[in-house]
Each structure stands twice: as C-alpha cells, then as structure tokens.
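Structure record follows, encoded as structure tokens.
The values are calculated or read from the model by the stated rules, or taken from the named source; none is laboratory data. As the structure is a prediction and not an experimental result, all values here were calculated from the model. All Cβ positions, glycine included, derive from the backbone under ideal geometry; neighbour counts span all protein chains shown. With ligands, DNA and RNA removed, areas are computed over all heavy atoms of the protein, side chains included. Shrake-Rupley method; radii C 1.70, N 1.55, O 1.52, S 1.80 Å.
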Amino acid sequence: MPEIRCTATVVNRQITVTANQSMQAQHAITIRPARLPADHDRLLAVIHEYVQWLDMDLSYRGFTAEMAQFDTLFTLPSGLFLFAEHADDIAGCVGLLRHDAHTAEIKRLYVRPPYLGRQLGQQLLDALVSTAMQLGYTRLVLDAVPQTVVAQQLYLAYGFTEIAPYYANPLPGTRFFGLGLGEHAGPFSSVRV
C-alpha cells in the first residue's frame, strides 16, 4: 500500500487540500473543502446517512440546531467540512468546528460503505489535521460514540489520547479524545486500521 500524504494550504481563508498524486491516480478520489452553500444538499445527505448508520438520537448534542445552521457553522472562521469525492459521489467527509482560538473539534468522520478499505479515513484525518494546523489551532478534540470502534482505533493510532469529557451528560460509552498538534508526528505512513 503506498504512503499517504495530504497537505493543506490556507491562503486568504481559502483552503486547498492535496493528496499525493499516486493515491489520486490509483483511486481517483480527491479531498476538497466543501463549498457552501453549493455543496450543502449533497453533504447533508451524507451526514444524515452517517447518523442513520449510528442508529441513535443526537439531540443531546444539538444536532437539529447544528443542521439548521450548517452553512454558517461550517464556513470559516467558525468551521469547515472536507469531503472526499469520487467522480460526482461523496465518498467520505470530516468536519472541524472552532471551540476557541486554540481548540477545534473534529466532527463526523465518515467513510461511505462502497469506499471502505481504501484508507480514506486516514486521508481525511490527515487533511483535516493539516488544515487545522494551517489555521493556527494547537489542539483538536472529539467525542466518539460506541458504534465508532474503527474510527476510535484510527484516532489512537494517530496519537490522540483519551481526555475528560468536554460537555455535560454524554451518552454512556462515549469516549473523548484530544491531540496537541505540536505532538502530532505527521501523516500516516505505516498505520493500518
């Protein structure tokens, strides 16, 4: 399996994400920032597919309000969404939501079933971490519900560590992770999840 390298460049609040050329040619999948509102409907359809896969009520995290304000919340400077695209199909996605000047939260890392097994979760996470660093964040946090076992393995392999909950009344079994971006060793090379 070839080494995966993703980089992000932020210039005038515009993000450009690139993966190494051999990966792009091999799988014909590109990772790019969502352009809102243009990508709104397609991206929300994938997010709703993810929530359906979770098979749980996310109201405890304000999901309905978040979806109602999606374009505002996930447009810089408050946040962003990246997605992997294959032809005209969204293969996976991941979001970043600003908590404060130094900390951002990773939201909804999801790879759609037809695209599993291509290390796409790793590529999305690499691109998001690179983007977060370019934006000046020094810490990333996330919550992971019990259904996300594979994603949790990915986070641990990436260098995330368990942290105390950062919101009240989490769902039983929810784990919280954090990553200091100064501690991040760089893109994956040999990690297999």
If residue 91 passes every condition in (1) touching a strand residue (DSSP E or B) at 6+ places or on another chain (Cβ under 8 Å); (2) closer than 22 Å to residue 167 by Cα but one, which one does it miss?
(2)
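Quick one: is residue 64 among the β-branched types (Val, Ile, Thr), farther than 23 Å from residue 29 by Cα and either touching a residue at least 12 places away in the same chain (Cβ under 8 Å) or in contact with a helix residue (DSSP H, G or I) (Cβ under 7 Å, 6 or more places away or on another chain) (or both)? So that I can check it myself, show each step before the final result.
Numbers: among the β-branched types (Val, Ile, Thr): yes; farther than 23 Å from residue 29 by Cα: yes; either touching a residue at least 12 places away in the same chain (Cβ under 8 Å) or in contact with a helix residue (DSSP H, G or I) (Cβ under 7 Å, 6 or more places away or on another chain) (or both): no.
Judged against the criteria, residue 64 is not a match.
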Sort out which residues of the range 151-176 are among the aliphatic types (A, V, I, L, M) and surrounded by 14 or more Cβ atoms within 10 Å (Cβ to Cβ), and write them in order of number.
151, 154, 156, 157, 163
Among the residues of the range 26-61, write down those that are in contact with a His (Cβ under 9 Å, 6 or more places away or on another chain) and touching a residue at least 60 places away in the same chain (Cβ under 8 Å).
27, 29
Of the numbered conditions (1) at pLDDT 95 or above; (2) over 25 Å from residue 160 (Cα atoms), residue 123 fails exactly one; give the number of that condition.
(2)
Sort out which residues of the range 85-106 are within 16 Å of residue 32 (Cα to Cα) and of a type outside the set (A, V, I, L, M, F, W, C), and write them in order of number.
85, 86, 88, 89, 92, 95
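Check 33, 37 and return the single one that is over 22 Å from residue 125 (Cα atoms), at pLDDT 95 or above and either touching a helix residue (DSSP H, G or I) at 6+ places or on another chain (Cβ under 8 Å) or open to solvent by less than 90 Å² (accessible area, probe 1.4 Å) (or both). Show your work before the answer.
Values: 33 fails: over 22 Å from residue 125 (Cα atoms).
After ruling out the rest, the residue left standing is 37.
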Need pairs with beta-carbon distance below 7 Å; first residue among the hydrophobic types (A, V, I, L, M, F, W, C) and within the range 118-135, second surrounded by fewer than 24 Cβ atoms within 10 Å (Cβ to Cβ) and assigned to a helix (DSSP H, G or I); sequence gap 6+ or separate chains.
125/154; 125/158
Flagged pairs (Cβ under 6 angstrom, 6 or more apart or on separate chains; first in the range 153-179, polar (S, T, N, Q); second assigned to a loop (DSSP other than H, G, I, E, B)) are 153/193; 174/145
For the range 140-150, give me each residue that is touching a Gly at 6+ places or on another chain (Cβ under 9 Å) and either buried (at least 21 other Cβ atoms within 10 Å of the Cβ) or assigned to a strand (DSSP E or B) (or both).
140, 141, 142
Exception for residue 187 within (1) buried (at least 18 other Cβ atoms within 10 Å of the Cβ); (2) at pLDDT 95 or above; (3) not polar (S, T, N, Q) falls at (2)
Could we say that residue 44 is crowded, with 17+ Cβ neighbours inside 10 Å, modelled with pLDDT of 95 or more, among the aliphatic types (A, V, I, L, M) and within 16 Å of the chain's Cα centre (by Cα) here?
no
